[in-house]
Structure formats: C-alpha cells, structure tokens
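Everything below concerns the one structure shown next.
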Amino acid sequence: AAPCDIYASGGTPCVAAHSTTRALYSAFNGALYQVKRGSDGATTDIKPLAAGGVANGPAQDTFCAGTTCLISVIYDQSGRGNHLTQAPPGGFQGPEANGYDNLASGIGAPLTLNGQKAYGVFVSPGTGYRNNNAKGIAVRDEAEGMYAVLDGTHYNNGCCFDYGNAETSGRDTGNGHMETIYFGDNTVWGSGAGAGPWIMADLENGLFSGPNVKNNAGDPSISHRFLTAIVKGGPNKWAIRGANAASGGLSTYYSGARPNAAGYNPMSKEGAIVLGIGGDNSVGAQGTFYEGVMTTGYPSDATENAVQADIVAAKYAIAPLTSGPALSVGSSVSLRATTSGYTTRYLAHTGATVNTQVVSSSSATALKQQASWTVRTGLATASGGQCFSFEARDAPGSYLRHYNFELRVANSDGSKQFREDATFCTQAGLSGSGTVSVRAWGFPTRYFRHYNNGGYAASNGGVHTFDAAGSFSDDVSWAVATGFA
Ligand code: AHR
Ligand code: AHR
Ligand code: AHR
C-alpha cells in the first residue's frame, strides 16, 4: 500500500496528493508533474515507471537535454484536480512577470528512490506554487491531516516555506485562515528548542511550535537530509510530528489544544493549497519538497505511522548534484566564453565586479590572475560537500558569489547566506562540445552567464535584461582550461 491507500484504509482519505518523485497510490500511473523546457517552450508529463512506482527521472533528462527545464505543474494524484501551478500575486507580488512567483528548476533536487533517479522541487526564494480553487480541502474548523517529505538541510528564515491549506485570495485574511506544515528557522513568530530549523504549523499571522505563541521547548531542531513533517488539525486539537524519512518512526512534538491566542479556535480554514510560500504569497523562503498529501478527517497516529513506514521503504537517498566535465578541488581553472564573437574572453573580475576579459598567454600576470579561479568544495552546508566554490586567484578568501543575481567577487563573511550564494554546481554545457555550465546551488534556474561582457547568475528568460533567452545556451557554456595563473 502507498500513502494514500493507507490514509483511505484509516478512514481519512487524501484529497490532494502531490509528488514529483513517486506515485502516492499503489494503482496510480498517471502524470506526476509537467516540465517546460527553455529551448522551445514545449511541455511534457512525467509519469511513474510503473503503477505505484518511482517517477521516470530519465524521461525528464531526455526531454530537457541541452536546455533548461522548469517544473510547471505538480499534478494532484487524488483525482480531485487539485494541481499546483505557478503561484499568482497575492498580498505580495512574486518576482516573475505580472507578480507571479518563479517556477522551480527541474534539476535542483536530484535523488534516488530505491536506486532509481528522480527529482524533487527545489524552492528558492521567489518560487511558489498554489491552487486557489482546490476542491474537497478542509474549510472552517473541519479536520484535516497532512504530511510532506522535505530536505531538512535546505531552509532559511524567510517567510514561509509552507505546504498545506491557505487563503483562496492569496491575501492575509486573519488568524486561523491557514493550516500548513512550515519548515525553517524563522523566529518572527514561533520557535522550538535549539537554533532550528523546526517543523511548525503556519496558522496565519503565526508559526506555531506548540500551544504557546512564542517558544515551545518540546519542538526540537530537526534537520534530517530526508525529513517527514506532519501537521494535523481538527476542532480544538492539532499536532506536530516528525521523523527521519530514511529510517525509523515518527515522534510527536505536540498534540493538544489549539494555541492560546485569539482567532485560532475555531479555525477559519479556506481550502486553497500553497507550496513554498506564505498564505499572502510571501516569497522569502527556501526549501525542498519531495512528496506530500492533504487528507479529509484527522488521521490517527497509527495511520501516520504506517505512512512513515511506507516512506522509509521507498528508500530516499541522495544523488549527485554535479555532472559533466570534472573540476578538481584545489586546481586553478579559467573559463572561456564560447559564444561566437566572444571566444577570446574569459570569466574574470575587476575588483568586486565580474566580467569577461580578453586574456591570452602573453597577458600581464595581474590580468591572468584576474581570470583564474581556485576550485574549492562548495561552501554551502546543504550542498553536502558536492558542488564548488570559486576562490579568486589574486584574492585568497574572496569568492565568486551572486548578489541580486549579478556575479561579484567578495570576501567571505562566513555567513550561511554568503556560503550559499557562493556555491555553484556544474553540468555538461547546454551547448555541448565538452563545455561546462555552472548553476547557482541556491537558484538552480540560474547559471554563470556573460551578458554585454558582464557576469550574471541568469535564468533562461526572465525579468532581468541579463535573463534574455537569445544566445542563452551559448552564453552559459564555458570551455574549462587550466588556470592562466
Ligand atoms: O503566519 C505567517 C505568515 O504571516 C503567513 O504565511 C502569511 O500569510 C503572513 O504574512
Ligand atoms: O543573488 C540573489 C540574492 O540577492 C542573493 O541570494 C542574496 O544574497 C541577495 O539578496
Ligand atoms: O556578453 C556578450 C554578449 O552580450 C552575449 O553573448 C549576449 O547575450 C549579450 O548581448
């Protein structure tokens, strides 16, 4: 039995079931998600390899070869049509055209399930999915349950990496108008034990870790690489539970009465669905989503325990974040532009500014050093020692980073933000021919690109001038050579 079969047997069936990694009903063999590719805007549906099985990750790889892909739809497997698509503007605007949120890259969160390659949904700040016309989701004080499998190492303190029940208007309509799983280390509202991250419930105008409005010591910091997170709620009761999604059972971190604050008892749930954003379309958060469901009725602990056993049996495991031409840590490299007309230019820096410059073996030593980078292990903890950071050859302790999606060279301040902004993952160059493309670990839709001879972390189409789709594949494909210096 798969998770939604288990919830159905328990009398609390799924009314939404979302996963890019596997079927959540043992009989499900329909579309799990849709990807849209950058080269021609074509879309395709990714299905399980077999009924009840793992997503066909290799089919995505084939469809997206030599270009970029975005996850454009996360289908609802429950049959209710509660699909998740690009979130529209709400109380807050997203960064995409017309205030929409960004879509996730198809390749930001690779993994294996029982050895088979699949992809999760890597949510960067600005990314969000939503369904404001969902059917059959709990409203008002009706009972519901939900779980999600997440990457417990990928989080931040922005508002709000949520999955679950939110406002149909995309606006903050008051306390008790949401009920979602939240994951991260935001402390504006609630917190648990330690420094976080925590599983909390976003109930609107509050992230709750237990019955108290602020701190509840019973909710532990939790950061399993694969994390099962549960929130459920019914008339004057709710619970938070969590587990390692790769082994063992669930623990209960809170189970009891609604928070002692006005507006949360009874609840005023509205029945829309969000992923990666707050109820009012706050888009500051990051996290990774692999699978999750929402049920009607308050699931028993025993039902959830059986779901957790099924998740463990699915065998979530990490997969490589890098591919293509190998870079060796400790070596010095130079990256040459391959766009026709610019092939004598190398990725370089002039002080903090990153650009391309014409460099050759007869250039001055200073220029050679400006165009040479020492390869380091990726500084972002959540990259798990995969991916790379690029230290300026002439400024030890300074690294290539993106800031407002411009590339810069800056001295490391050691912060999580810096380390994440300075971590990049390599893959075969989009234009082929032995080149490499280098994507931002934290924004996997964005790649090292030269544009007007400046350096950017650019997406294949988007709101910035440097995101222009024209010559994107060539501009993000670099010839790797031994460093000039
Ligand atoms: O409850 C926390 C956040 O507050 C909600 O997600 C958002 O709608 C509001 O800004
Ligand atoms: O480059 C995009 C973002 O801009 C970085 O992640 C952040 O540090 C800055 O605000
Ligand atoms: O960076 C040089 C060129 O500037 C790029 O190839 C092009 O995209 C832009 O016009």
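The values are calculated or read from the model by the stated rules, or taken from the named source; none is laboratory data. Remember, it's a predicted structure, so these values are computed and weren't measured experimentally. Heads up, the Cβs are rebuilt from the backbone with ideal geometry, glycines too, and the neighbour counts pull from every protein chain shown.
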message: Please go through segment 448-473 and give me each residue that is within 18 Å of Val123 (Cα to Cα) and free of Cβ contacts under 8 Å to residues at least 60 places away in the same chain, ordered by number.
response: Ala457, Ala458
statement: In segment 173-197, residues that are among the hydrophobic types (A, V, I, L, M, F, W, C), free of Cβ contacts under 8 Å to residues at least 40 places away in the same chain and more than 19 Å from Asn260 (Cβ to Cβ) total 2
query: In segment 438-463, what count of residues is obtained for those that are surrounded by fewer than 17 Cβ atoms within 10 Å (Cβ to Cβ) and within 20 Å of Gln286 (Cβ to Cβ)?
result: 1
- request: Consider Ala306 carefully, then state whether it is over 30 Å from Gly248 (Cα atoms), away from ligand 2 (no atom under 16 Å from the Cβ), in contact with a helix residue (DSSP H, G or I) (Cβ under 8 Å, 6 or more places away or on another chain) and not hydroxyl-bearing (Ser, Thr, Tyr).
  value: no
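Results for (1) more than 16 Å from ligand 3 (Cβ to nearest atom); (2) in a helix (DSSP H, G or I); (3) surrounded by fewer than 24 Cβ atoms within 10 Å (Cβ to Cβ), shown as yes or no for each residue.
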site: Ile277; (1), (2), (3): yes, no, no
site: Asp280; (1), (2), (3): yes, no, yes
site: Gly292; (1), (2), (3): yes, no, no
site: Tyr298; (1), (2), (3): yes, no, yes
site: Thr303; (1), (2), (3): yes, yes, yes
site: Ala306; (1), (2), (3): yes, yes, yes
site: Asp310; (1), (2), (3): yes, yes, yes
- request: Go through Val293, Val333 for me and flag whichever is touching a helix residue (DSSP H, G or I) at 6+ places or on another chain (Cβ under 9 Å) and more than 20 Å from Ser223 (Cβ to Cβ).
  value: Val293
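Condition check ((1) under 27 Å from Ile222 (Cα atoms); (2) within 16 Å of ligand 3 (Cβ to nearest atom); (3) surrounded by fewer than 23 Cβ atoms within 10 Å (Cβ to Cβ)) across all residues:
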{"position": "Gln93", "(1), (2), (3)": "no, no, yes"}
{"position": "Asn102", "(1), (2), (3)": "no, no, no"}
{"position": "Val123", "(1), (2), (3)": "yes, no, no"}
{"position": "Thr127", "(1), (2), (3)": "yes, no, no"}
{"position": "Ala138", "(1), (2), (3)": "no, no, no"}
{"position": "Glu144", "(1), (2), (3)": "yes, no, no"}
{"position": "Gly152", "(1), (2), (3)": "yes, no, no"}
{"position": "Ala166", "(1), (2), (3)": "yes, no, no"}
{"position": "Arg171", "(1), (2), (3)": "no, no, yes"}
Listing of strands (runs of 3 or more DSSP E) fully contained in segment 95-178 that carry 3 or more residues being within 16 Å of ligand 2 (Cβ to nearest atom) and over 19 Å from Ala23 (Cα atoms): none
- prompt: Hey, any hits in segment 90-102 for a residue that's in contact with a helix residue (DSSP H, G or I) (Cβ under 9 Å, 6 or more places away or on another chain) and either without any contact (Cβ under 8 Å) to a residue 24 or more places away in the chain or within 16 Å of Ser459 (Cβ to Cβ) (or both)?
  reply: no
- request: Would you mention how many residues in segment 223-252 are in a loop (DSSP other than H, G, I, E, B) and within 16 Å of ligand 1 (Cβ to nearest atom)?
  value: 0
- prompt: Is at least one residue of segment 468-485 away from ligand 3 (no atom under 16 Å from the Cβ) and over 18 Å from Arg345 (Cβ atoms)?
  reply: no
- request: Being under 23 Å from the mean Cα position of the chain (by Cα) and closer than 25 Å to His154 by Cα narrows it down to one of Gly384, Gly397, so name that one.
  value: Gly384
query: So is Gly414 at pLDDT 95 or above and over 20 Å from Ser477 (Cα atoms) or not?
result: yes
Positions within segment 183-222 being touching a Phe, Trp or Tyr at 6+ places or on another chain (Cβ under 9 Å), aliphatic (A, V, I, L, M) and within 13 Å of ligand 1 (Cβ to nearest atom), in sequence order: Met200, Ala201, Leu203, Leu207, Val213
Count - residues of segment 383-413 that are crowded, with 18+ Cβ neighbours inside 10 Å, away from ligand 2 (no atom under 16 Å from the Cβ) and of a type in the set (Gly, Ala, Ser): 1
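Conditions (1) modelled with pLDDT under 95; (2) in contact with a Ser or Thr (Cβ under 7 Å, 6 or more places away or on another chain); (3) within 16 Å of ligand 2 (Cβ to nearest atom), marked per residue:
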| position | (1), (2), (3) |
| --- | --- |
| Arg446 | no, yes, yes |
| Arg449 | no, no, yes |
| Asn452 | no, no, no |
| His464 | no, no, yes |
| Asp467 | no, yes, yes |
| Phe472 | no, no, no |
| Ser477 | no, yes, no |
| Val480 | no, no, no |
query: When segment 462-485 is examined, which residues are found to be among the β-branched types (Val, Ile, Thr) and under 13 Å from Leu335 (Cα atoms)?
result: Val476, Val480, Thr482
statement: Of (1) of a type in the set (Phe, Trp, Tyr); (2) in contact with a helix residue (DSSP H, G or I) (Cβ under 7 Å, 6 or more places away or on another chain); (3) away from ligand 3 (no atom under 16 Å from the Cβ), Tyr456 satisfies every one except (3)
task: Read through the list (1) part of a helix (DSSP H, G or I); (2) over 30 Å from Gly432 (Cβ atoms), then give the number of the only condition that Thr62 fails.
output: (2)
Close pairs (6 angstrom Cβ cut-off, 6 or more residues apart or separate chains): more than 18 Å from Ala239 (Cβ to Cβ) in segment 286-314, part of a helix (DSSP H, G or I) and at pLDDT 95 or above anywhere: Asp310/Pro3
message: Which residue is surrounded by the fewest Cβ atoms within 10 Å (Cβ to Cβ), if the candidates are limited to segment 5-34 and must be touching a helix residue (DSSP H, G or I) at 6+ places or on another chain (Cβ under 6 Å) and either basic (Lys, Arg) or part of a strand (DSSP E or B) (or both)?
response: Ala17
- prompt: Within segment 334-408, which strands (runs of 3 or more DSSP E) (wholly inside it) include 1 or more residues that are without any contact (Cβ under 8 Å) to a residue 24 or more places away in the chain?
  reply: 345-350, 353-358, 388-392, 398-403
